[in-house]
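See structure below.
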């Protein structure tokens, strides 16, 4: 089969690989859609300590079950399946406490296991036992179902916030797919009244315009946000990007008793990030973070997509073949493309 193989920073190639077989307890999927995630792009640029090359990347996956391993009863050939990244061990303290996205083992598809940038992907028995996997009906396009994984991460981000009164101002740093999903979710499920999105790239700001009331350049954004809010600041803030500079900007924009979610991971070599802790102190602000998602959140995300509550189709800017994927990933890295979807 063909697969997109990561061989080290800056090295991503379409290669011929042996087609996997369904091992006991596992299933084999024919990949119908696999989206490019920001973490794939960071891995391609910087590498990742969890990934030992060569590795097939891709974890936002939808496809058809084409073979089942011995002992599998939960799925059958012909099932349409959406799956995500994080696979809990089920045994460590976070897993036992109901926080599988914080699993100490931290296994993930496209990291320790080969992922979905391929014609076929094998889902290990541990994925079926407790991972993010759900079936969906024929009415839902594969490309939409593949986006349950990033939407589940956004659901987790909102669930990390304390109860909020609704009617608030949401500020999102980053107009990539995750930032725009957060904007969509805020309006659809959390009573957000006004959405402001910040991004340094003109193309990304243009992409954000349909999803936000205000779209701002990163330069001068703190002053602009304070002007928009009559000096009050934003109530709910997400840093949905990998730019360390957005973290102090977010703190500078937070309203009294507002909350900042440091959502996006930063490059390993980012260094210290200065924050105005007096701003947090005197405004009684909450600063939190979120990582990944749980299998339950993945199922919830798939249901929101299937019901049309979150119109993820609006985020897909390119649909490409596996052979076209390396060039499309470069366009995603530069911000020229929004959400790249590999389809078969």
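What the table below lists for this structure:
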{"item": "Protection-proxy order for peptides 94-104, 13-23, each taking the mean of Cβ atoms within 10 Å per residue, highest first", "result": "94-104, 13-23"}
{"item": "When the stretch 15-59 is reduced to its Cα atoms, the Kirkwood hydrodynamic radius in Å", "result": "12.8 Å"}
{"item": "Whole-number D in µm² s⁻¹ for the chain, Kirkwood Cα-pair radius fed into Stokes-Einstein, 20 °C, 1.002 mPa s", "result": "105 µm²/s"}
{"item": "Rg to Rh quotient for the stretch 48-152, alpha carbon positions, Kirkwood Rh", "result": "0.96"}
{"item": "Relative contact order computed over the stretch 161-289 (Cα-Cα under 8 Å; 6+ residues apart), in percent", "result": "22 percent"}
{"item": "Relative contact order computed over the chain (Cα-Cα under 8 Å; 6+ residues apart), in percent", "result": "19 percent"}
{"item": "The chain: antiparallel DSSP beta bridges as a percent of all, rounded to 5", "result": "55 percent"}
{"item": "Segments 208-218, 171-181, 117-127 sorted - mean Cβ within 10 Å per residue, highest first", "result": "171-181, 117-127, 208-218"}
{"item": "Per-q log10 I(q)/I(0), the stretch 161-289, q = 0.12 Å⁻¹ (Debye; single scatterer per alpha-carbon; no solvent)", "result": "-0.39"}
{"item": "nm² value of the averaged projected area, convex hull over the Cα atoms of the stretch 236-344", "result": "9.4 nm²"}
{"item": "Protection-proxy order for peptides 157-169, 182-194, each taking the mean of Cβ atoms within 10 Å per residue, highest first", "result": "182-194, 157-169"}
{"item": "Mean separation of Cα contacts under 8 Å (6+ apart) over length of the stretch 66-134, as relative contact order %", "result": "34 percent"}
{"item": "Principal axis box of the stretch 1-87, alpha-carbon based, largest edge first, Å", "result": "40, 24, 22"}
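Quick note: the coordinates plus some simple rules give every number you see, no bench work behind them. Source: prediction; values computed, not measured. Virtual Cβ from ideal backbone geometry, glycine too; neighbours counted across all protein chains shown.
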